[in-house]
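Q: Dropping a structure here in structure tokens format, bear with me for questions.
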Amino acid sequence: MNLFKIEMMKIRLSSYLWAVFGIFISLQAMGIFFLFLGDYTPQEGELFTEWSGLYALSTALTIACFSIFSAVAGARMIVDEYCGKNAVTLFTYPVRRKKILNVKCIILLCITTGAAFISNTSVLGIMYITAKIFGIMPESSEGSFILPVLLAGLLSGIISSAIGIISSAAGWIKRSVMAAVICSLLIVCIVPNFIAGMPEHIVMTSFAAAVCSAFTAGGMYRFLAKGIERMEV
């Protein structure tokens, strides 16, 4: 039984891709707005007048948007499935329940991490091209610019995925999709602000947030897996 194929057919990937595209367009519009804002109002500070500030802000917004995206996707894949009518069908599969959950979580991680990474790096790349075209050149920090952008993009995907797992587990506990979304909103109020608050150390702050969120997600996943193993229909 090819569980990956079955799950991919169930989730209707096209709907998620359209959501990712909508998030990307929104982030791109905000990124270009911030770029011009820094050019016309330099007194606003380093968030808009330096590249480090711009990609810290972009990364924070990426985490905020894709964390909520991941929570909604996770709620549909996990909370709806295990707390709704489909639970009976899932529990009749001739495989362990934990294996099915693993497949769902892997799909969620891959979609969220890939989408966040591509979106964040693309937004910053287009911002750089726009800056070149219009002669807007924010101050550059010492060292390489490309490597921190790539690392921040990857870490933003990991953080967003972890928040999605945490929120999905919270939604399963409450047997509510809305609880998963609310949990993600509460986390989003903290993590992106922490990252945007230290633009000169974007990679380190993103790494610290990724480690903390990954450990928390791991704990919540184990709790979720044990709970699903004990579920009765």
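Q: For segment 1-32, what are the residues that are within 25 Å of Ser52 (Cα to Cα) and of a type in the set (S, T, N, Q)?
A: Ser26, Gln28
Q: In segment 113-131, is there at least one residue being closer than 24 Å to Gly218 by Cα, open to solvent by less than 70 Å² (accessible area, probe 1.4 Å), outside any helix (DSSP H, G or I) and touching a helix residue (DSSP H, G or I) at 6+ places or on another chain (Cβ under 8 Å)?
A: First, the residues of segment 113-131 that are closer than 24 Å to Gly218 by Cα: 113-117.
With open to solvent by less than 70 Å² (accessible area, probe 1.4 Å) added as a condition, the list becomes 113-117.
With the extra rule that they be outside any helix (DSSP H, G or I), the set shrinks to none.
No, because not a single residue in segment 113-131 is closer than 24 Å to Gly218 by Cα, open to solvent by less than 70 Å² (accessible area, probe 1.4 Å), outside any helix (DSSP H, G or I) and touching a helix residue (DSSP H, G or I) at 6+ places or on another chain (Cβ under 8 Å).
Q: Condition (residue is crowded, with 24+ Cβ neighbours inside 10 Å and either in a helix (DSSP H, G or I) or over 16 Å from the mean Cα position of the chain (by Cα) (or both)) applied to segment 91-98: is it met by at least one residue?
A: Narrowing segment 91-98 to residues crowded, with 24+ Cβ neighbours inside 10 Å: none.
For segment 91-98, residues crowded, with 24+ Cβ neighbours inside 10 Å and either in a helix (DSSP H, G or I) or over 16 Å from the mean Cα position of the chain (by Cα) (or both): absent.
Q: With Ile173, Ile163, Ile228, Ile158 as the choices, which residue is open to solvent by 70 Å² or more (accessible area, probe 1.4 Å) and not small (Gly, Ala, Ser)? So that I can check it myself, show each step before the final result.
A: Values: Ile163 fails: open to solvent by 70 Å² or more (accessible area, probe 1.4 Å); Ile228 fails: open to solvent by 70 Å² or more (accessible area, probe 1.4 Å); Ile158 fails: open to solvent by 70 Å² or more (accessible area, probe 1.4 Å).
Testing whether each residue is open to solvent by 70 Å² or more (accessible area, probe 1.4 Å) and not small (Gly, Ala, Ser) leaves just Ile173.
Q: Considering segment 12-25 alone, what residues qualify as being open to solvent by less than 60 Å² (accessible area, probe 1.4 Å) and among the hydroxyl-bearing types (Ser, Thr, Tyr)?
A: Across segment 12-25, the qualifying residues are Ser15, Tyr16.
The values are calculated or read from the model by the stated rules, or taken from the named source; none is laboratory data. Owing to the predicted nature of the structure, the values given are computational and were not obtained by experimental measurement. Neighbour counts are summed over all protein chains in view; Cβ atoms, including those assigned to glycine, are modelled from backbone coordinates with ideal geometry. What goes into the accessible areas is simple: the full protein's heavy atoms, side chains included, and nothing from ligands, DNA or RNA. Shrake-Rupley method; radii C 1.70, N 1.55, O 1.52, S 1.80 Å.
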